[in-house]
Amino acid sequence: METPIQWLEQIEQVCASAELQEVNLLLDQADWSHCAVPGLQVLNPTAPWFSLFTDTPEEKLLDQAPLLMRLDLTIWQHRAWLEELIEHGASEARLMVLVTSCGLKN
C-alpha cells in the first residue's frame, strides 16, 4: 500500500493537471473507530462539509454519517487534515476523492 504522502502527492498532481486547488471527499464513517466531525469542526480555516444523513431519520447519527467535504490544497491545514484522513481511512476503503471542475453548492 502506498503511504499517505504518496496518496497526497498523487491527488495534488491530478489537481494540478486539472488546474484545480480544491478536492472533494466522501468519507464513510459507518462502524469506524474514528469520528471526523470534531476535527472538521475545529479545522481553521474552515472547510465546507455536509452530512449525507441531514434531513433523514438517521440525522442524529452524525458520528456514523457519510460526510462530504471540500478541502483547499493551498491551505496547509487542509492538506494536513487530508493526510490524516488518508492515513486513517484509506486502508479501509472509507475515503473517496473527487477532483472536478464542477462546483458544489454550499
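Here, each number is a calculation from the coordinates, and none is a lab measurement. All values reported here derive from a predicted model rather than from experimental measurement. Here the Cβ positions follow ideal geometry from the backbone for every residue, glycine too, while neighbour counts run over all protein chains shown.
For the range 4-98, what is the Kirkwood hydrodynamic radius in Å, using each pair of distinct C-alpha atoms?
13.6
About its Cα centre, what dipole magnitude does the chain give when the only charges are +1 on Lys and Arg Cβ and -1 on Asp and Glu Cβ, stated in debye to the nearest 20? Display every interim value, and only then the final one.
Values: 5 positive and 16 negative charges, 54 e Å.
It works out to roughly 260 debye.
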Within a Cβ distance under 9 Å of Trp32, other residues only, what is the Lys/Arg minus Asp/Glu net charge? -3
Which value in nm describes the separation of the simple spin-label points at Trp32 and Thr100, placed 7 Å from the Cα toward the beta carbon? 1.9
In deg cm²/dmol, rounded to 500, what helix-only [θ] at 222 nm does the chain give when every DSSP H run of at least 4 residues adds -39500 (n - 2.57) and the total is split over its residues? -10000 deg cm²/dmol
What is the fewest-to-most order of Cys102, Cys35 by other Cβ atoms lying within 10 Å of their Cβ? Cys102, Cys35
Whole-Hz ³J(HN,Hα) for each residue in the range 9-20, computed from phi via Karplus 6.51 cos²θ - 1.76 cosθ + 1.60 with θ = phi - 60°, x for glycine and proline: what do you get? 4, 5, 4, 4, 5, 5, 4, 5, 5, 8, 6, 10
For the chain, find the longest principal axis of its Cα atoms and tell me its angle to the long axis of helix 76-89, 0 to 90°, nearest 10. 60
Pairwise FRET efficiency - Leu20 versus Gln77, Cβ, R0 = 25 Å, nearest 0.05: 0.85
Run through the range 58-106 and list the GluC sites (Glu not before Pro) located in a DSSP loop whose Cβ has at most 16 other Cβ atoms within 10 Å. Glu58, Glu59
Using +1 at the Cβ of each Lys and Arg and -1 at the Cβ of each Asp and Glu in the range 30-80, identify which of Val42, Pro66, Thr54 lies farthest towards the dipole's positive end. Val42
By how many nm would the segment from Gln41 to Gln64 lengthen if fully extended, with 0.36 nm per residue of separation less the alpha-carbon distance? 6.7 nm
